[in-house]
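Each remark here refers to the structure printed beneath this line.
The values are calculated or read from the model by the stated rules, or taken from the named source; none is laboratory data. Keep in mind the model is a prediction, meaning the values are calculated, not measured. With ideal geometry, Cβ positions are generated from the backbone for all residues, glycine too; neighbour counts draw on all protein chains shown. Note: areas computed on protein heavy atoms with side chains; ligands, DNA, RNA excluded. Shrake-Rupley method; radii C 1.70, N 1.55, O 1.52, S 1.80 Å.
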Amino acid sequence: MLVDAGGPVGRVTEAAEATSRFDVGEEVVSPYLWSRRFRRLDVLVLSHAHSDHMGGMPAVMRNFRPRELWVSIDPNSAAYRALLAAAKDLGVNVRHFNAGDQLAWGGVQVTILAPEAGYSNPREPVNDDSLVMRLQYGKASVLLEGDAEAPSEREMLEHGRVSAATLLKVGHHGSRTSTTPEFFAAVAPKDAVVSVGLGNTFGHPRYEVIERIAKSRAKLYRTDEFGLTTFLLGRDGGIHEIVGASNQ
């Protein structure tokens, strides 16, 4: 399973997309997967249809021919519709999920925490469209938050969907709009990882979020400082971290 596939940050115009020769899916994500000897994917998961999460997906889909593409809602996005069309052309089964959905997948129990079944967004993609997943493997668990922000976190808490997790993929690259004190306290992770660009202009991860994680005594890993980071989780709930790869 691959969750998101990188891409350009911010609003990307069609003209800029046409003239850009750099495809993160082709130049970064696919070579990494090939280096790990992956030749096919079972599942490709799109947290939400922002370019920095979806931009690399067309190339990854072509190269690895996943059986399924998991999404949440269908926002008004030409790039997203193009991705669905590509999936159809390649015979990839598109599955929509909402909070409360559960399924067993490869020895892992997958639970969808957000968005709620009644949530819709007929306009351009927003962060709270994010498909939030909890993956349980024996006593170990991972919570993948996408870019979910405070309103989505509040909904998850109010519906009693949030429980402790071994590893938290911090929401929205460590923005102060996510990882609220109440949400973080409920997750209470042993480790937390922030996927964030080196020298990014947004100031991510924000100081408030770093301090919140530090006070909890969870271990914090940042891809802008550590580069590629691998977490190995055992059925007994143990976690082993491997860091120190390239910052590029």
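Ranking 181, 112, 148 by Cα position along the charge dipole of region 79-187, where only Lys, Arg, Asp and Glu carry charges on their C-beta atoms, puts 112 farthest toward the positive end. Taking a straight line from the alpha carbon of residue 190, these lysines sit under 21 Å away, with near neighbours fewer than eight places off in the same chain left out: 139, 169, 215, 219.
Stretching the chain fully between residue 42 and residue 88 yields a gain of 15.0 nm (0.36 nm per residue, less the alpha carbon separation).
The string of couplings for region 226-237 from the Karplus curve (6.51, -1.76, 1.60, θ = phi - 60°) is 9, x, 4, 10, 10, 10, 9, 10, x, 4, 7, x Hz, one whole number per residue in order, with x for Gly and Pro. The charge dipole of the chain, taken about its Cα centre with unit charges on the Cβ atoms of Lys, Arg (+1), Asp and Glu (-1) only, comes to about 780 debye. With R₀ fixed at 25 Å, the C-beta to C-beta distance from residue 214 to residue 154 puts the FRET efficiency at about 0.60. Between the beta carbons of residue 120 and residue 182, assuming R0 = 30 Å, the FRET efficiency works out to 0.75 to the nearest 0.05. Here's the picture: charge each Lys and Arg Cβ at +1 and each Asp and Glu Cβ at -1 in region 1-110, and of 83, 2, 71 the one pushed furthest to the positive end of that dipole is 2. Between region 32-64 and region 188-247, the C-alpha centres lie 22 angstrom from each other.
Converting phi to 3J(HN,Hα) with the Karplus coefficients 6.51, -1.76 and 1.60 and the offset θ = phi - 60°, region 208-221 yields 4, 6, 4, 5, 4, 5, 4, 5, 7, 6, 6, 7, 10, 10 Hz in sequence order, with x at every glycine or proline.
I'd like the FRET efficiency for residue 163 and residue 32, computed as 1/(1 + (r/R0)^6) with the beta carbon distance as r and R0 of 30 Å, rounded to 0.05. Plugging the Cβ-Cβ distance into 1/(1 + (r/R0)^6) gives 0.45. Less than 5 angstrom separates the built amide H of residue 141 from those of 166, 167, all sequence-distant by 5 or more or on a different chain. What a 1.4 Å probe finds exposed on the chain is 52% carbon and sulfur by accessible area, rounded to a whole percent. Each of [x] 12.8; [y] 14.1; [z] 16.1 is a candidate for mean projected area of the Cα convex hull in nm²; the one calculated from this structure is [x]. Taking every protein chain into account, the accessible area of region 126-167 amounts to 36 square angstrom per residue (probe 1.4 Å). Of the trypsin sites (Lys or Arg not before Pro) found in region 111-198, those that fall in a DSSP loop while having at most 14 other beta-carbon atoms within 10 Å are 123, 139.
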